[in-house]
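> Shown below is the structure under consideration.
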Amino acid sequence: MTHAAPPLPATIDVAAFDAMHDDVERWRGLIASIAARYSRAPAVPTDAGTALVALVGGDLVVKLYPPFLRDHHDFEVAALQRLHGRLGVATPTLVDTFEHDGWPGLVMTQLHGTVLTQAWPAYDEAARCRLLGAIGALAADVHALPLGEMAALAPPWPEFLQAQRARCRRRQQRTGLPAHLLAQLDGFVRGEVPEGPPVMLTGEYTPMNLLVQGDRLAGMYDFGDGLVGPAPYDWLGPLCFLAAGHRARCDALLAGLGAPPGRDWRLPLMRLLLLHRYSNLQAQLALPGWQSAPSFEALAEMVWP
């Protein structure tokens with residue numbers, strides 16, 4: 001006999017949701033009951049992402065968001081619809097949206113391929129540069145799409161920046177920015193950041209959200225934390241996780257983006273990295289020894305030579 005899953009709380013804070021997210025047994029039955037509406041295949045929970053996620057067989061994904069991330073749900077739904085069939089790589093197809101105890105959710109198709117994080121170490125330098133060029137071209141294609149309703153689903157860019165500046169010091173303290181850089185932080189982040197026309201920002205292009213087949217870019221997923229703003233915000237993922245410390249890799253990405261190869265972008269982009277929604281230089285800069293940079297100016301030259 002199958003027992004109904006206990007109801008979800010109507011309200012939940014971030015800490016309580018994080019504890020729930022990490023305790024899969026608390027929501028395994030619930031996500032399975034939702035998945036059963038769409039498939040007879042078993043639902044396998046995964047700890048990926050910031051929502052409750054389960055893979056259903058080899059075809060579907062069920063994603064359930066806490067109420068405080070309703071904006072992420074709405075942005076992802078719109079992004080899936082906006083991107084579908086318009087890119088040179090696969091993106092999930094939206095199958096359905098639903099509500100469960102006031103928690104928004106969606107069902108989408110499952111992509112196939114190897115997560116770039118797993119494949120990257122085996123590539124030679126030429127293959128890495130080719131992939132970075134392809135990632136840049138993919139981002140440029142997304143940025144060229146009309147915004148449509150996406151503009152209304154994200155905070156206005158100036159308001160986003162203002163809020164990020166207000167919480168920047170607290171976040172950088174919590175994530176372990178070295179003390180000598182922390183002492184320079186407030187003055188530095190008041191400077192200019194990249195500007196440009198508003199485009200759809202997926203917030204991704206990181207190796208955790210890109211799929212490859214062989215050495216070919218094959219898919220992209222996870223758009224809930226997207227924004228609308230200047231295109232360089234989306235440069236940060238590949239420039240930090242994949243290209244840090246390597247000029248040829250940086251140039252390959254910029255070439256794919258159609259961006260100028262000069263280096264005037266480095267300081268504004270370093271500020272944007274510190275103001276990023278999920279800024280955590282300890283986790284994001286794939287460059288040993290970056291903590292020794294005496295200033296943010298030196299850090300920008302070290303990370304993006």
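The values are calculated or read from the model by the stated rules, or taken from the named source; none is laboratory data. Predicted, not measured: the structure shown is a model, and the values here were computed from it. A quick note on method: Cβ atoms are made from the backbone with ideal geometry, for glycine too, and the neighbour counts reach across all protein chains shown.
> Being assigned to a loop (DSSP other than H, G, I, E, B) and either touching a helix residue (DSSP H, G or I) at 6+ places or on another chain (Cβ under 7 Å) or buried (at least 17 other Cβ atoms within 10 Å of the Cβ) (or both) is the filter here; which residues of segment 295-305 pass it?
Trp304, Pro305
> Being outside any helix (DSSP H, G or I), hydroxyl-bearing (Ser, Thr, Tyr) and within 20 Å of the chain's Cα centre (by Cα), is that true of even one residue in segment 118-137?
no
Yes or no, residue by residue, for (1) closer than 18 Å to Leu131 by Cβ; (2) out of contact with any Leu (no Cβ under 9 Å at 6 or more places or on another chain); (3) without any contact (Cβ under 8 Å) to a residue 40 or more places away in the chain; (4) of a type in the set (Lys, Arg):
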{"site": "Phe188", "(1), (2), (3), (4)": "no, no, no, no"}
{"site": "Pro198", "(1), (2), (3), (4)": "no, no, no, no"}
{"site": "Val228", "(1), (2), (3), (4)": "no, no, no, no"}
{"site": "Phe241", "(1), (2), (3), (4)": "yes, no, no, no"}
{"site": "Arg263", "(1), (2), (3), (4)": "no, yes, no, yes"}
{"site": "Leu272", "(1), (2), (3), (4)": "no, no, no, no"}
{"site": "Leu281", "(1), (2), (3), (4)": "no, no, no, no"}
{"site": "Ser292", "(1), (2), (3), (4)": "no, yes, yes, no"}
{"site": "Phe296", "(1), (2), (3), (4)": "no, no, no, no"}
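Quick grid of which residues meet (1) at pLDDT 95 or above; (2) closer than 30 Å to Leu64 by Cα:
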site	(1), (2)
Glu204	no, yes
Ala231	yes, yes
Leu236	yes, yes
Cys250	yes, no
Pro260	no, no
Asp264	no, no
Met270	yes, no
Trp304	yes, no
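> Right, next: Please find, among Gly176, Gly133, the residue that is in contact with a helix residue (DSSP H, G or I) (Cβ under 9 Å, 6 or more places away or on another chain), exposed (fewer than 14 other Cβ atoms within 10 Å of the Cβ) and not charged (D, E, K, R).
Of the residues listed, the single one that is in contact with a helix residue (DSSP H, G or I) (Cβ under 9 Å, 6 or more places away or on another chain), exposed (fewer than 14 other Cβ atoms within 10 Å of the Cβ) and not charged (D, E, K, R) is Gly176.
> Just wondering, is there one or more residues in segment 60-70 that are under 18 Å from the mean Cα position of the chain (by Cα), among the charged types (D, E, K, R) and part of a helix (DSSP H, G or I)?
Checked segment 60-70: at least one residue is under 18 Å from the mean Cα position of the chain (by Cα), among the charged types (D, E, K, R) and part of a helix (DSSP H, G or I).
> Kindly check whether there is at least one residue in segment 75-83 that is over 18 Å from the mean Cα position of the chain (by Cα) and without any contact (Cβ under 8 Å) to a residue 24 or more places away in the chain.
Checked segment 75-83: no residue is over 18 Å from the mean Cα position of the chain (by Cα) and without any contact (Cβ under 8 Å) to a residue 24 or more places away in the chain.
> Oh, and also: Out of segment 205-239, which residues are under 18 Å from Glu125 (Cβ atoms) and not small (Gly, Ala, Ser)?
Hits for segment 205-239 are Pro207, Val212, Asp215, Arg216, Leu217, Pro238, Leu239.
> May I ask you to list the residues in segment 181-216 that are in contact with a Phe, Trp or Tyr (Cβ under 7 Å, 6 or more places away or on another chain) and aromatic (Phe, Trp, Tyr)?
The one that is in contact with a Phe, Trp or Tyr (Cβ under 7 Å, 6 or more places away or on another chain) and aromatic (Phe, Trp, Tyr): Phe188.
> Cβ-Cβ distance below 7 Å, separation of 6 or more or different chains: which pairs start in segment 85-102 with a residue that is more than 13 Å from Ile34 (Cα to Cα) and end on one that is of a type in the set (D, E, K, R) and not in a loop (DSSP other than H, G, I, E, B)?
Short answer, once both residue conditions are applied: Leu87/Asp141; Gly88/Asp141.
> Looking only at segment 143-159, decide whether some residue is outside any helix (DSSP H, G or I), under 30 Å from Thr11 (Cα atoms) and in contact (Cβ under 8 Å) with a residue 60 or more places away in the chain. Spell out the reasoning first.
Step one: filter segment 143-159 for residues outside any helix (DSSP H, G or I), giving 144-147, 154-156.
Cutting the leftovers down to under 30 Å from Thr11 (Cα atoms) gives us 154-156.
Next cut, in contact (Cβ under 8 Å) with a residue 60 or more places away in the chain only: 154-155.
Yes: one or more hits.
> A further question follows. Which of the residues belonging to segment 251-293 are assigned to a helix (DSSP H, G or I) and of a type in the set (Lys, Arg)?
To start, the set of residues in segment 251-293 that are assigned to a helix (DSSP H, G or I) comprises 251-257, 266-275, 281-284, 290-292.
Correct list: Arg266, Arg271.
> Within the bounds of segment 160-175, is there any residue that is assigned by TED's automatic domain parsing to the domain that holds Leu285, in contact (Cβ under 8 Å) with a residue 12 or more places away in the chain and of a type in the set (Gly, Ala, Ser)?
no
> Then there is this: Being crowded, with 18+ Cβ neighbours inside 10 Å and either part of a loop (DSSP other than H, G, I, E, B) or without any contact (Cβ under 8 Å) to a residue 24 or more places away in the chain (or both) is the filter here; which residues of segment 103-112 pass it?
The answer is none; no residue qualifies.
> Would you mention how many residues in segment 8-50 are surrounded by 11 or more Cβ atoms within 10 Å (Cβ to Cβ) and either touching an Asp or Glu at 6+ places or on another chain (Cβ under 9 Å) or not in a loop (DSSP other than H, G, I, E, B) (or both)?
Adding up the residues that qualify gives 29.
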